[in-house]
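Student: This structure is in structure tokens; I'll ask about it shortly.
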Amino acid sequence: MNGASAYLDGSHIYGSTEEQLHRVRTYSQGKVDISSCEACNNNNTENKALGMMYTALLNEHNRIAGELARANEHWDDAKLFLEARRLVVAQIQHVTLNEYVPSILGEGARTDRELMPVATGFYNGYSSSNVGGTYDAVALAALRALTSLRKHAVDDATCLEEHVVASANRVSLDSSQSAFEPRVDVNVRLVHVGRDHGIPGYVKFVEDCSGHNFTIQNFQDLEHFMHPRHVSLLESVYSQVEDIDLLLGGILETPRNGATVGPTFECLLKRQFIKMRNSDRFWYENDIPPSGMTPAQLAEIRKISLAGILCANTRIERIQPKAFIQQDPYLNARINCDQHSVLDITPWREEPLQEPAKELATRRNSGVIPEFVPELSPSLIAAAVKKAEADLIERKQLEYNSWLQQRTADPKSPAGTAASFSKANRDALLLANSSIMYELATNEILNGIHGLRRRKRQIFDTTDNVLGFPNNDFSDLLQNVDISGFLSQKKPTNHDEVECPVDDSPCDPTSPYRTLSGHCNNLRNPNLGKSLTTFARLLPPVYEDGVSKPRSTSVTGIPLPNPRVISTVIHPDISNLHNRYTLMVMQFAQFLDHDLTMTPIHKGFAESIPSCRPCDSPRTVHPECNPFPVPPGDHYYPTVNVTSGARMCFPSMRSLPGQQHLGPREQINQNTGFLDASVIYGENTCICNILRGFNGRMNATQNAHRGGKDLLPQSPTHPECKAKSGYCFIGGDGRASEQPALTVMHTMWVREHNRIVESLRQLNPHWDGEKLFQQSRRIISAMLQHITYNEFLPRILGWNAVTLYGLKLLPQGYYKEYSPTCNPSVLTEFATAAYRIGHSLLRPHLPRMDRNYQSMEPSILLRDGFFDPDMLYQKSMMDEMTRGLVATPMETLDQFITGEVTNHLFEIRGIPYSGVDLIALNIHRARDHGIPSYNNYRALCNLKRATTFEDLSREMAPEVIARMKRIYASVDDIDLFPGGMSERPLQGGLVGPTFACIIAIQFRQSRKCDRFWYETDDPNIRFTEHQLAEIRKSTLSKVMCENMDESNEMQRAAFDLPSNFLNPRVPCNSMPQMDLSAWRETRHGCQIGGRNVALGESGFPTPCTSCICTAEGTQCASLRITDCNQLLREASREAILRDDVCTAQCGFVLAATEPTSRLQQFTTPNSFPGFVPHRNSLRSVPTSVSFNGFKLPDLSQFIG
């Protein structure tokens, strides 16, 4: 007999009898008397931690009861108690299923759908025919074995926090024991009781759990399950293998990867947990009235974790998110308790207060010109514009003469390869031409106003500015002055000048598909975030002349240090491999960067590449050339060209300006500002049309090897292509062939698009190619967003920053914080500094691995792979490189950078010193963009503004500060990139507080400002709840696995190195996969209860279930029965008995036998109830919240 309830119902804290329940209640406001809990008394229990856990759960009851009483003042004590108990039990059930079971069973829990929590909707596995109970074998063996995980060294711990920090033992024969019972006696007693209960021997269970596909005939057969020394131990004790007791055999088994118990105990525990769930009418996920919860209530329960419960009810102040897993410095680092979710009882409020709708705060550019400056007369403007036009003609003449004199670079040269990273299209060049006109006119106006020249450097950088433009009155005045009437140059109107027609069609707010250019994402301002618009800024630009010249002077008046000096002193080549994250972090970061940013640079006449390597090239080649010299005494590069005798400079061309108004220079982003998979599909229709194939598919190159999947489309006219074949791959972003690992990433996503197209075609044969393409593109965009925010950003930023900046994804339901008033444009600080962190993650070689994850030689030297993808045509090369990315550690994100990119970037093989320094170029580019110093961003991000170098000691190591002092004259001179890269990382993250602040702001905007964000609640464009639940299954590992030529095994978390327990390699087909049937379109009604029901109409498939036919398919909900006698009159007894929803509510009327709670002899069930589709819940009303009022948090407190 089982003296406890067989259900997971909190009976261990509330009691399993009326007498026990009476003793624990206070009968006042629904609360419990914790002092009456005998198990909570640490002095009387053999496990103090268990007593403290009971105390925490009872404290949670009282906390919830108090909240319910305040929310529902009309509730009496009985209702408050019962509801608080129901919520505590629901939390226990959720934590068990969502956290504890996966920790114990590993892959066994992740691959069995009956053990997986329902992501959205309700669980439909309950049946009254499933008899509840506890298996003898589980109670006396499997569960007992788990008690050996406890470490006796912490038995005397005075708080739960010590148990949360300590690691567990392995499952062993060292079982729990009381102070009065010798350890060995406990095991002897358990074996003895097992025999008394008639539990079969261990071998019987092994054979049964294998489906009788494996028979153990002798002791040697046990070596399939345990170490040979354990087999020898058993052989020395038992004369026959059949005699081995279950407890001893199960404990000695070797756990599978990711599990804490061996396969036999894993099998038994799985069956027990499934029975515990599918036989419980009151299971928290059930949709069975009257005990079922509403969708909103269930959503709150699903947010709960054990860490949150402990935080709310103990003295713990910081705890790791996964309380059952030992803390680490990464995703499971301890975070403050205020960042863990606690149960919000708002959905249990019976009469919610109707709050008046808040008006949206809008940020408007009033266009009001401040008090007119008398000197800014029409004649002055006309003269300035005339002079600017003359200057522009002179610039064009210089470009033409330079081209005639062949002062251009070969597209395959290092300068040409570097230029290909920032290749401007024709539309960007046209935009820049008019922008330069405005810039030249601005300079002339400033020079023409009396007395202004002396202070023009400070004119645009006196005020703070977040995501907008400089707020200085005179800057506003200039930006609002319309000089179009003074311009003789008109915008091009013929297609010979325009590369791709401007997308300016009217916006359709009901279309669920993004435009490729980002046009109409924001319905109020259709051009916000569009491709070919300027970057946004966190702080106003700091240019040397206040308008456009790169920052070059220290605050002390001396020149700023040479970018190459900074690179060699602050960023030396020291390898420090990361012990947790893979090289895939680097590769995904680059792929993501190419979706968000593309900063084009100037071209020469006839779209040539000006040769900016000569130190005098700004004067002799192109006015936008911006080279910088090799400093004296450089450890690698000579200061003088040994061939020509001229001084050696690093080539650099300035970024294209894009502002279409007077005022300081702003640079163009050629990509859209949205995370919209433009890296795959292109940022305009012209690129997309080249990449699109037929019938919804993307163009591809057929793989020549048998069994090989398609490759990217080829181009024989790729100017930078260095491949001997003459062919390079093309993708949505022009840099798809830049290096082989990036090409692999592009290829996998194009394959995923085509895979989805074919699946949707099977589901909806009536869809044409356009709809197949757009729906697949929509799904791919959503997957990319989900993987970025769910897997990538938490590793880069850590959970503290993810939570504080609102980047945490919803486990279910819709995102309601879209704001049409916020600016989605990418930050220039993000593009030119903060998100160049990936350069630190690079390794000199790209590794290859075979299907057994053994290293293959030769690996690919990074410098040999730039725009040379010929190697990817080799058989299995795509798979080998993919495995290399997910199985090789990346470099640690710090100030150290591999010499492959500081000395050999784009180097021509066999020509020494022909390469460039990527890090020096980063620093130089930031100055080109007028990025203020690092110290300014410290202040913006709530760090202490440094007045001395010593003020940096909280964020930087002393040796780093010493190197900074060697090269910078003032702490206010430190460039943003070296400053941010030198900070200590945040707890659980890879970046320091300043870069975390900038990156988090960017991705906050990318979510909040995107009308098409995949979680949007906009009824015109949102996914259904079922579709959203499927998208939330997406992982990068699954995308890679699904699209390799030959998929076998991979770890579930592609960004994390494989680990036998935390991240084991598993078969690809065992990973969660999107069920695309959620996109099946209903055209001719639905089948409900055996009859066809038209769209919009409802039917009753069973007496107690109501369904409605929608375009997305059938959606059903359980009915609450208030009159069982009426139900009997309206439906047959047989139909009612077949409906579990009916029997759960009216079984007593049908005289159904009451289920008993007793220990059952272990038997193998023939089958478990099938898994039926989730039932959709009601959707919420969409709301919007403005950006106003958000204050940047101080991340410095979380520095590791």
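Student: Quick one: which residue in Gly546, Gly529 is buried (at least 23 other Cβ atoms within 10 Å of the Cβ), touching a residue at least 12 places away in the same chain (Cβ under 8 Å) and either in contact with a Cys (Cβ under 8 Å, 6 or more places away or on another chain) or assigned by the TED database to the domain that holds Tyr818 (or both)?
Tutor: Gly529
Student: I need the helices (runs of 4 or more DSSP H) fully contained in segment 223-288, keeping only those with at least 1 residues that are touching a residue at least 40 places away in the same chain (Cβ under 8 Å).
Tutor: Of the helices (runs of 4 or more DSSP H) lying wholly inside segment 223-288, those with at least 1 residues that are touching a residue at least 40 places away in the same chain (Cβ under 8 Å) span 246-252, 263-278.
The rows are residues; the columns are (1) among the acidic types (Asp, Glu); (2) crowded, with 18+ Cβ neighbours inside 10 Å; (3) not in a helix (DSSP H, G or I).
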position: Glu791; (1), (2), (3): yes, yes, no
position: Arg795; (1), (2), (3): no, yes, no
position: Pro811; (1), (2), (3): no, no, yes
position: Tyr818; (1), (2), (3): no, yes, yes
position: Ser825; (1), (2), (3): no, yes, yes
position: Tyr835; (1), (2), (3): no, yes, no
position: Tyr853; (1), (2), (3): no, no, yes
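Student: Please determine, by comparing only the residues of segment 1062-1093 that are part of a loop (DSSP other than H, G, I, E, B) and modelled with pLDDT of 90 or more, which one is farthest from Leu893 (Cα to Cα).
Tutor: Going through the qualifying residues, I end up with Arg1080.
Student: Go through segment 628-657 and report how many residues are of a type outside the set (Phe, Trp, Tyr), more than 21 Å from Glu394 (Cα to Cα) and assigned to a loop (DSSP other than H, G, I, E, B).
Tutor: 17
Student: Taking the conditions exactly as written (in contact with a helix residue (DSSP H, G or I) (Cβ under 7 Å, 6 or more places away or on another chain), of a type outside the set (Lys, Arg) and surrounded by fewer than 23 Cβ atoms within 10 Å (Cβ to Cβ)), does Met748 satisfy them or not? Please lay out each step first, then the result.
Tutor: On the way: in contact with a helix residue (DSSP H, G or I) (Cβ under 7 Å, 6 or more places away or on another chain): yes; of a type outside the set (Lys, Arg): yes; surrounded by fewer than 23 Cβ atoms within 10 Å (Cβ to Cβ): yes.
Judged against the criteria, Met748 is a match.
Student: Another one. Which of the residues spanning segment 808-826 are free of Cβ contacts under 8 Å to residues at least 40 places away in the same chain and farther than 18 Å from Ala299 by Cα? Show your work before the answer.
Tutor: Kept after step one, since they are free of Cβ contacts under 8 Å to residues at least 40 places away in the same chain, are these residues of segment 808-826: 808.
Residues satisfying the conditions do not exist here.
Student: Shifting gears a bit: Would you please name the residue that is nearest to Pro550 (Cα to Cα), looking only at residues in segment 950-994 that are without any contact (Cβ under 8 Å) to a residue 24 or more places away in the chain and surrounded by fewer than 18 Cβ atoms within 10 Å (Cβ to Cβ)? If you could, list the steps in order and put the result at the bottom.
Tutor: Going through segment 950-994, the residues without any contact (Cβ under 8 Å) to a residue 24 or more places away in the chain turn out to be 950-953, 958-959, 961-962, 965.
Pick out the ones that are also surrounded by fewer than 18 Cβ atoms within 10 Å (Cβ to Cβ) and you get 950-951, 953, 958-959, 962, 965.
Values: Glu950: 28, Asp951: 27, Ser953: 29, Pro958: 30, Glu959: 29, Ala962: 27, Lys965: 23 Å.
Once the filter is applied, the top-ranked residue is Lys965.
Student: Test of understanding: among Glu829, Glu880, Glu857, which residue is without any contact (Cβ under 8 Å) to a residue 60 or more places away in the chain, in a helix (DSSP H, G or I), over 28 Å from Gln1027 (Cα atoms) and more than 18 Å from the chain's Cα centre (by Cα)? Full working, then the answer.
Tutor: Values: Glu829 fails: without any contact (Cβ under 8 Å) to a residue 60 or more places away in the chain; Glu857 fails: in a helix (DSSP H, G or I).
After ruling out the rest, the residue left standing is Glu880.
Student: Shifting gears a bit: Is it the case, given these coordinates, that Asp1045 is in the same structural domain as Cys822 (by the TED database) and either under 30 Å from Tyr805 (Cα atoms) or in a strand (DSSP E or B) (or both)?
Tutor: Numbers: in the same structural domain as Cys822 (by the TED database): yes; either under 30 Å from Tyr805 (Cα atoms) or in a strand (DSSP E or B) (or both): no.
The answer is no for Asp1045.
Student: Show the residue pairs meeting these rules: Cβ distance below 6 Å; 6+ apart or different chains; first residue within segment 783-807 and on the phi > 0 side of the Ramachandran plot; second residue among the aromatic types (Phe, Trp, Tyr) and surrounded by fewer than 23 Cβ atoms within 10 Å (Cβ to Cβ).
Tutor: Matching pairs, first to second residue: none at all.
Student: Restricting attention to segment 1110-1125, which residues are of a type outside the set (S, T, N, Q) and surrounded by fewer than 14 Cβ atoms within 10 Å (Cβ to Cβ)?
Tutor: Just the residues of segment 1110-1125 that are of a type outside the set (S, T, N, Q), to begin with: 1111-1113, 1116-1117, 1119-1121, 1123-1124.
Listed by number, the residues that qualify are Ala1111, Arg1120, Asp1123.
Student: Select from segment 578-596 the residues that are part of a helix (DSSP H, G or I) and in contact with a strand residue (DSSP E or B) (Cβ under 6 Å, 6 or more places away or on another chain) and write down the one among them that is farthest from Ile897 (Cα to Cα).
Tutor: First pass over segment 578-596, keeping only residues part of a helix (DSSP H, G or I): 584-596.
With in contact with a strand residue (DSSP E or B) (Cβ under 6 Å, 6 or more places away or on another chain) added as a condition, the list becomes 585-586.
Numbers: Val585: 16, Met586: 13 Å.
The selected residue is Val585.
Student: Among the residues of segment 757-777, what is the count of those that are crowded, with 22+ Cβ neighbours inside 10 Å and under 19 Å from Lys1038 (Cβ atoms)? Walk me through it before giving the result.
Tutor: Narrowing segment 757-777 to residues crowded, with 22+ Cβ neighbours inside 10 Å: 757, 760, 773, 776-777.
After this cut, where a residue has to be under 19 Å from Lys1038 (Cβ atoms) as well, the list is 757, 760, 776-777.
Total satisfying the criteria: 4.
Student: Still on this structure: Could you go through segment 655-663 and let me know if any residue there is surrounded by 15 or more Cβ atoms within 10 Å (Cβ to Cβ) and of a type in the set (A, V, I, L, M, F, W, C).
Tutor: First, pick out the residues of segment 655-663 that are surrounded by 15 or more Cβ atoms within 10 Å (Cβ to Cβ): 655-663.
From what is left, the residues that are of a type in the set (A, V, I, L, M, F, W, C) are 656, 662.
Yes, segment 655-663 contains a residue that is surrounded by 15 or more Cβ atoms within 10 Å (Cβ to Cβ) and of a type in the set (A, V, I, L, M, F, W, C).
Student: While we're looking at this one, here's another question. Scanning segment 51-75 for residues that are acidic (Asp, Glu) and at pLDDT 95 or above, which turns out surrounded by the most Cβ atoms within 10 Å (Cβ to Cβ)?
Tutor: Step by step, filter segment 51-75, then rank; the result is Glu60.
Student: Does segment 327-347 contain any residue that is of a type in the set (Asp, Glu), surrounded by fewer than 18 Cβ atoms within 10 Å (Cβ to Cβ), modelled with pLDDT of 90 or more and under 30 Å from Arg580 (Cβ atoms)?
Tutor: yes
Student: Select from segment 556-596 the residues that are among the polar types (S, T, N, Q) and within 18 Å of the chain's Cα centre (by Cα) and write down the one among them that is surrounded by the most Cβ atoms within 10 Å (Cβ to Cβ).
Tutor: Gln587
Student: Being among the hydroxyl-bearing types (Ser, Thr, Tyr) and more than 28 Å from Val630 (Cα to Cα) is the filter here, so list the residues in segment 920-963 that pass it.
Tutor: Those that are among the hydroxyl-bearing types (Ser, Thr, Tyr) and more than 28 Å from Val630 (Cα to Cα): Tyr937, Thr947, Thr948, Ser953.
Student: Within segment 55-72, is there a residue that is touching a Gly at 6+ places or on another chain (Cβ under 6 Å) and not aromatic (Phe, Trp, Tyr)?
Tutor: Yes.
Student: Go through segment 602-627 residue by residue and tally those that are in contact (Cβ under 8 Å) with a residue 60 or more places away in the chain, at negative phi and in a helix (DSSP H, G or I).
Tutor: The qualifying residues number 3.
Student: Any residue in segment 1156-1166 that is aliphatic (A, V, I, L, M) and either under 30 Å from Val193 (Cα atoms) or modelled with pLDDT of 90 or more (or both)?
Tutor: Applying the first criterion (aliphatic (A, V, I, L, M)) to segment 1156-1166 yields 1159.
Of the ones still in play, those that are also either under 30 Å from Val193 (Cα atoms) or modelled with pLDDT of 90 or more (or both) are 1159.
So far as segment 1156-1166 goes, yes, one or more of its residues are aliphatic (A, V, I, L, M) and either under 30 Å from Val193 (Cα atoms) or modelled with pLDDT of 90 or more (or both).
Student: Residue by residue through segment 1079-1098, note down the ones that are surrounded by 11 or more Cβ atoms within 10 Å (Cβ to Cβ), free of Cβ contacts under 8 Å to residues at least 40 places away in the same chain and among the charged types (D, E, K, R).
Tutor: Of everything in segment 1079-1098, just one residue is surrounded by 11 or more Cβ atoms within 10 Å (Cβ to Cβ), free of Cβ contacts under 8 Å to residues at least 40 places away in the same chain and among the charged types (D, E, K, R), namely Glu1097.
Student: Hey, among Thr599, Thr510, Thr515, which residue is part of a loop (DSSP other than H, G, I, E, B), β-branched (Val, Ile, Thr), within 25 Å of Gln1005 (Cα to Cα) and in contact with an Asp or Glu (Cβ under 8 Å, 6 or more places away or on another chain)? Let's see the steps before the verdict.
Tutor: Working: Thr599 fails: in contact with an Asp or Glu (Cβ under 8 Å, 6 or more places away or on another chain); Thr510 fails: in contact with an Asp or Glu (Cβ under 8 Å, 6 or more places away or on another chain).
The conditions single out Thr515.
Student: Conditions: (1) in the same structural domain as Thr1143 (by the TED database); (2) under 30 Å from Ser819 (Cα atoms). Ala1029 meets all but one. Number of the miss?
Tutor: With (1) in the same structural domain as Thr1143 (by the TED database); (2) under 30 Å from Ser819 (Cα atoms) applied to Ala1029, the lone miss is (1).
This table checks each residue for (1) within 24 Å of Phe1055 (Cα to Cα); (2) in a loop (DSSP other than H, G, I, E, B); (3) touching a residue at least 24 places away in the same chain (Cβ under 8 Å); (4) acidic (Asp, Glu).
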| position | (1), (2), (3), (4) |
| --- | --- |
| Leu885 | yes, no, yes, no |
| Leu893 | yes, yes, yes, no |
| Glu907 | no, yes, yes, yes |
| Ile923 | no, no, yes, no |
| Ala926 | no, no, yes, no |
| Ile931 | no, yes, yes, no |
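The values are calculated or read from the model by the stated rules, or taken from the named source; none is laboratory data. Since this is a predicted model, take the numbers as computed values, not measurements. Neighbour counts run over all protein chains shown; Cβ positions are idealised from the backbone, glycine included.
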